Amino acid sequence: MNLNEWAFVGIFLAIAGILPAVPILLGWLLGPRKPNPIKTDTYECGIETVGDTWVQFKVQYYIFALVFVIFDVEMLFLFPWAVAYQRLDLFAFVAMTIFILLLTIDLFILWRKGALEWT
Amino acid sequence: MIELPTLESLNVVVTLPALALVLGAIVLLLVDVFLPERRRWITGWLALIGVLVSLGITLLTTDRTGEAFGGMFVADSFTAFLNVVVLITAAVGILIAMDYLRRTDMNRSEYYFLLLFSTGGMMFMGAANDLIVIFVALELLSIPLYVMSGFRRPETRSEESALKYFLLGAFSSGFLVYGIALIYGATGSTHLPAVWAAVSAIVEGGSSAVYLVLLGAGLIVVALGFKVAAVPFHMWTPDVYEGAPTPVTAFMSVGAKAGGFAALLRVLVIGLPSLIVAEQTAAAWVDALALIAALTMILGNFAAIMQTNLKRMLAYSSIAHAGYILMAVAAAGHPAVANQGVQAALMYLLTYAFTNLGAFGIIIAVERNDGSGVSLDDLRGFSRQRPWLALLMAFFMLSLTGIPLTAGFVGKWYVFWASINAGQVVLAVIGVLTSVVGAFYYVRVIVRMFLEEGSADLAQPRLPRTLRAGLIVAGLGTLIFGVLPFLAADMTTGIQIALAALGGG
């Protein structure tokens, strides 16, 4: 184990720093500067907000987001599994079946507990 | 062809106790959603049955050892012993919680399956033979505990404790992952026996990768130090223990500690015993652990004197007890006493489990429905109203002090014995002196109950049956292991096989 191998990490970090810094620096050096109040305003998607921005969101959003994440992760595991399916044996099939079964139980319990109702 | 294990090589049988428990928890979840509101009391009993089934399987399969899931899990006498400790903790944790949850209006069945999942995490921790499994088991152990500490939900103290525990716990998980990454970077493996072999080669070859291993080991000790509440990482303990519902505190103070120390022993004694630098005779982590142990014992015991709230006092006392166990872990870093050190740590965990669960059980008995009535002054004149409960509390307090004929004494005796055999005389002296300091605040509880006048205003006219059963189990455990220490000695002698097989001991 040679510590010199870690030099690549250092080089990578240096490049990662330089790459975004160069365009910003060039823009600052070469660009014309004619400020006016509208230009220096904070950029916020173009439209000014109506009312107070500190509103409370319904807690259901969070539950929906969590459920979404669960099935998002399921997809993440299913795609590589499906692509390699021809070359896998029974083990992979059983493992994935157990995984999907557990997620099905999750969904079932969420439904029974009423987490999918928007009230 | 991708290399995959076959179904036969999984050797699922050896992980059966833990698997049974987790399956039980899933079944419990399913049963619970079908139960009508008035039958909800069944879930508690079903959870208890699940724990007892798992305990039965553990006791029946103690001789079945081996590796499972391609070496990720290992079942040996260490695993079996730890399974027994955490399953007893879970059983008593369920018993003392049943009535409390009902009367404080927290009777949500989530409590029981969160407790089962957390127990499953502890069992996997004891069986972990791979750094990745340790990480997953630690998360399985911790995440249910975060939720459980916020169980008294509308109350801010409970929510605060959950949030604090969650943030610091997530932080310590980060340390753990970073430590694992560094060790993987240096050794090229996360499998503990492979890590041991690689570290031995690195140390003998004088490679500079040894610094990576040292840093990784340090980060893992920090992360697990959070979990077991060792001193520089203990800040969360009093607040979380005070804010969480008392049965959760009881379960957490024993279970999370058992899980954390299981991981610490697995990583340090099996994975990194050969991490010896600079011409020393013991592993490099011994000095660090000895320092942490000394600080933990001193600060835990002295800070406990200041406390007026019983739960807070027991929180600091649990910090102090983590120090004594750390002393045994440090002793296990000396090659000649590795087995003794591990035995002492396990023995201490067992005796501490019974005693501490009992002490918290009594607090549950005196606590009022709104969570008050747990200050030291509330115990004035307790012996007049409840002579038996007061006697039992006195017994648990004496056991926490370490008076002979209680389980606490046996645990302390093992720890000091291992520590002196390892040549850590200074540490042992600090341990004895801080035990004397500890006696001050434990005996103060007894004085409040028996010698001072007052009218302790009790929450319940009579003790519920489930709580009584939990207290009896805890009391019997404390008594039996205190009076017949050879029983415990027989249980731990087998543990050396697991370690000697790896050549680390």
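The values are calculated or read from the model by the stated rules, or taken from the named source; none is laboratory data. Being a predicted model, the structure only gives us computed values, none of them experimental. Counting neighbours? That spans all protein chains shown, and the Cβs are built from the backbone with ideal geometry, glycine included.
Screening B:ALA418, B:ALA353 for residues that are out of contact with any Ser or Thr (no Cβ under 8 Å at 6 or more places or on another chain) and aliphatic (A, V, I, L, M) leaves exactly one candidate, B:ALA418.
Suppose we filter region A:64-119 for residues that are part of a loop (DSSP other than H, G, I, E, B), small (Gly, Ala, Ser) and under 28 Å from B:LEU28 (Cβ atoms); how many remain? Going through region A:64-119 one residue at a time, the tally reaches 2.
Evaluated against (1) surrounded by 17 or more Cβ atoms within 10 Å (Cβ to Cβ); (2) over 17 Å from B:LEU23 (Cα atoms), B:SER54 falls short on exactly one condition, (2).
Which residue, of B:MET397, B:MET393, is at pLDDT 90 or above, surrounded by 15 or more Cβ atoms within 10 Å (Cβ to Cβ) and more than 30 Å from B:LEU291 (Cβ to Cβ)? Exactly one of B:MET397, B:MET393 is at pLDDT 90 or above, surrounded by 15 or more Cβ atoms within 10 Å (Cβ to Cβ) and more than 30 Å from B:LEU291 (Cβ to Cβ), namely B:MET393. Among helices (runs of 4 or more DSSP H) entirely within region B:183-277, having at least 2 residues that are within 14 Å of chain A (Cβ to nearest Cβ), farther than 24 Å from B:ALA80 by Cβ and of a type outside the set (D, E, K, R) singles out B:192-205, B:210-228. Region B:446-505 holds helices (runs of 4 or more DSSP H) entirely within its bounds, and those carrying 3 or more residues that are at pLDDT 80 or above and in contact with a Ser or Thr (Cβ under 8 Å, 6 or more places away or on another chain) map to B:465-483. Can you tell me which residue within region B:377-398, out of those that are charged (D, E, K, R) and assigned to a helix (DSSP H, G or I), is farthest from B:GLU367 (Cα to Cα)? Filtering first and then ranking leaves B:ARG384. Scanning region B:310-332 finds no residues that are more than 14 Å from the chain's Cα centre (by Cα), outside any helix (DSSP H, G or I) and of a type in the set (Lys, Arg).
Of the set (1) in contact with a Phe, Trp or Tyr (Cβ under 8 Å, 6 or more places away or on another chain); (2) without any contact (Cβ under 8 Å) to a residue 40 or more places away in the chain; (3) under 30 Å from B:ARG465 (Cα atoms), all apply to B:LEU140 but (3).
Assessment of region B:362-372 against the conditions (more than 30 Å from B:THR281 (Cβ to Cβ) and polar (S, T, N, Q)) yields at least one matching residue. In summary, A:THR53 fulfils each of the numbered conditions (1) away from chain B (no Cβ under 14 Å); (2) surrounded by 10 or more Cβ atoms within 10 Å (Cβ to Cβ); (3) modelled with pLDDT under 85 with the single exception of condition (2). State whether one or more residues within region B:421-431 are crowded, with 17+ Cβ neighbours inside 10 Å, within 20 Å of the chain's Cα centre (by Cα) and modelled with pLDDT of 90 or more. Checked against the condition, which is being crowded, with 17+ Cβ neighbours inside 10 Å, within 20 Å of the chain's Cα centre (by Cα) and modelled with pLDDT of 90 or more, region B:421-431 yields at least one hit. Scanning region B:333-381 for residues that are touching a Phe, Trp or Tyr at 6+ places or on another chain (Cβ under 8 Å) and over 22 Å from B:PRO485 (Cβ atoms), we see that the one that is surrounded by the fewest Cβ atoms within 10 Å (Cβ to Cβ) is B:VAL366.
Mind listing whichever residues of region B:104-130 are in a helix (DSSP H, G or I) and within 30 Å of B:SER189 (Cβ to Cβ)? So that I can check it myself, show each step before the final result.
Start the filter on region B:104-130 by keeping residues that are in a helix (DSSP H, G or I), which leaves B:110-127.
Scanning region B:104-130 gives B:PHE117, B:SER118, B:THR119, B:GLY120, B:GLY121, B:MET122, B:MET123, B:PHE124, B:MET125, B:GLY126, B:ALA127.
With respect to A:ASP106, determine if the residue is surrounded by 10 or more Cβ atoms within 10 Å (Cβ to Cβ), within 14 Å of another protein chain (Cβ to nearest Cβ) and modelled with pLDDT under 80. Against the criterion (surrounded by 10 or more Cβ atoms within 10 Å (Cβ to Cβ), within 14 Å of another protein chain (Cβ to nearest Cβ) and modelled with pLDDT under 80), A:ASP106 does not qualify.
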